[in-house]
Each structure stands twice: as structure tokens, then as C-alpha cells.
Amino acid sequence: MKIFISLLSAGLFLATALTAFGLNEYIFEPEEYLIYSTVIDSWCGQDKTKEIFIRDHTAIYQSGQPTGWPIETELDYIRKNMLLSDEIIINDFKAKNIKAYALDSFLNQRANYTIVSQKEINAIFDHNPYWDKYYQRNPNSEGIITFSRVGFNQTRDKALLHVASQWNRATGAGIYILLSRQKDSSWKVESELSGWQSWNRDNPKP
């Protein structure tokens, strides 16, 4: 009986440790927010009139694709077209993007940004599928951005993420971005790969 209790206790301890490790593995770290800020500032950091709206949960947002769009399809596309052969960064990116994660406030952010919830987005679009109401409320907005989680290589000097921007009905684009860490610990965009583009000529931005 004592042996059984000891084995049970050991099993529970191991399960708890593995659970804790699994949770900690995908908790946001400051580097991810620095990378998000690097991307936003490279686009809009110098233009203080623009207001960036960011979806409050991460996703590999694919306009027009059904829920459950297979991530393996995207990974094969990245390997082939970004010439990315490092499976560690690809697997880290995949593991972190199987589910959505809530975003907090960004670090070292120069551009003007607002994090918006899906509830807020639904309140604008549920009864008005066009974007006129959205731009009436937010005339300086460039649309809504959706970030994926960031995948890192083993030495953590390369980073991969997907950024989607939608600015009208069925109109937007998604890109994969590969960044490299600089000697001063900042991040620099190394290359970009177009993931998708959608254009609705009947509904341009007001």
C-alpha cells in the first residue's frame, strides 16, 4: 500500500510538473511584444495621425477561409517560399498558434494603438457588414490588425510571425515576417512573404 501511495504521489507530482512546464512554455514573453512593436513602428511609428487597431487575441487570420484552416498548409508554404529550413522555429511557431492567446498592452510602442475585443468588433459589424460605421467611429484607422504568436529558433536570434490587416469588407492582406535580433537586442525585419490578399472593388475605404 505504501508503495502504491508513493507511486501515486510521484505520478501526480510529475503530471503537475509537466502541466506547469506546458503552460509556461507558451506564456507571452517581453520579446514577443518587442517584435510586435517593431512591426507596427516600421509601418506607422512616424505617423502620429494614424490609429492602429489590434485584435485582442492572436490568430493566423486567413480572410475567406473556413474555421480550422489547416496550419500545416501554411507551414509548407513558408518552407517552400521563404526558404526556411529551420524546423525549430517552424515547430515553435506551430505550437504557439494552435490556439488563440489574449494580448496585453505593448512595450516600447511609438505608434498610436488600441486593442479591441471581438465583442467590440461584433458590435460594429453585426448589423452592418460594411465598414462605413467603423470609419465613422475611427476616421484615422487603417483597419484592424491580427497578430499571430511569435516562433523562435533555438538560439532565439530569429523570429517568425504572421500579421493580417483587414480594412474593408473582404479586403485585406496577410504576410509572414522573419526578423533577426541585432547586436543591441533590437529586432529588424529580415524578409516578408505574402500569405494572402483579398480585394473587394465594390467596397473601398470611405
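Restricting attention to region 189-202, does a residue exist that is in a loop (DSSP other than H, G, I, E, B), closer than 20 Å to S37 by Cα, among the basic types (K, R) and open to solvent by 60 Å² or more (accessible area, probe 1.4 Å)? Steps first, please.
From region 189-202, those in a loop (DSSP other than H, G, I, E, B) are 199-202; that's our starting set.
Filter again for closer than 20 Å to S37 by Cα, leaving none.
Scanning region 189-202, I find no residue that is in a loop (DSSP other than H, G, I, E, B), closer than 20 Å to S37 by Cα, among the basic types (K, R) and open to solvent by 60 Å² or more (accessible area, probe 1.4 Å), so the answer is no.
What helices (runs of 4 or more DSSP H), lying completely within region 76-174, carry at least 1 residues that are at pLDDT below 85 and among the β-branched types (V, I, T)?
Working: elements: 87-96, 118-125, 132-137.
Result: 118-125.
Pull up region 86-120, narrow it to residues that are aliphatic (A, V, I, L, M) and either farther than 21 Å from Q166 by Cβ or over 15 Å from the mean Cα position of the chain (by Cα) (or both), then point me to the one that is surrounded by the most Cβ atoms within 10 Å (Cβ to Cβ).
Of the residues in region 86-120, the ones aliphatic (A, V, I, L, M) are 88-90, 95, 98, 100, 102-103, 107, 111, 115-116.
Pick out the ones that are also either farther than 21 Å from Q166 by Cβ or over 15 Å from the mean Cα position of the chain (by Cα) (or both) and you get 88-90, 95, 98, 107, 111.
Values: I88: 13, I89: 22, I90: 19, A95: 14, I98: 10, L107: 12, A111: 19.
The selected residue is I89.
Restricting to region 137-161, and then to whatever is open to solvent by 50 Å² or more (accessible area, probe 1.4 Å) and touching a residue at least 40 places away in the same chain (Cβ under 8 Å), can you tell me which residue is farthest from W43 (Cα to Cα)? Lay out the reasoning, then the answer.
If we filter region 137-161 for residues that are open to solvent by 50 Å² or more (accessible area, probe 1.4 Å), which is where we start, we get 137, 139-140, 142, 154-158.
Filter again for touching a residue at least 40 places away in the same chain (Cβ under 8 Å), leaving 140, 142, 154, 156, 158.
Values: N140: 15, E142: 11, Q154: 28, R156: 24, K158: 20 Å.
Filtering region 137-161 for residues that are open to solvent by 50 Å² or more (accessible area, probe 1.4 Å) and touching a residue at least 40 places away in the same chain (Cβ under 8 Å), the one farthest from W43 (Cα to Cα) comes out as Q154.
The values are calculated or read from the model by the stated rules, or taken from the named source; none is laboratory data. What you see is a predicted model; the values in this text were computed from it and never measured. We place every Cβ from the backbone using ideal geometry, glycine too, and count neighbours over all the protein chains shown. Areas reflect the complete protein model, heavy atoms only, side chains present, ligands, DNA and RNA absent. Shrake-Rupley method; radii C 1.70, N 1.55, O 1.52, S 1.80 Å.
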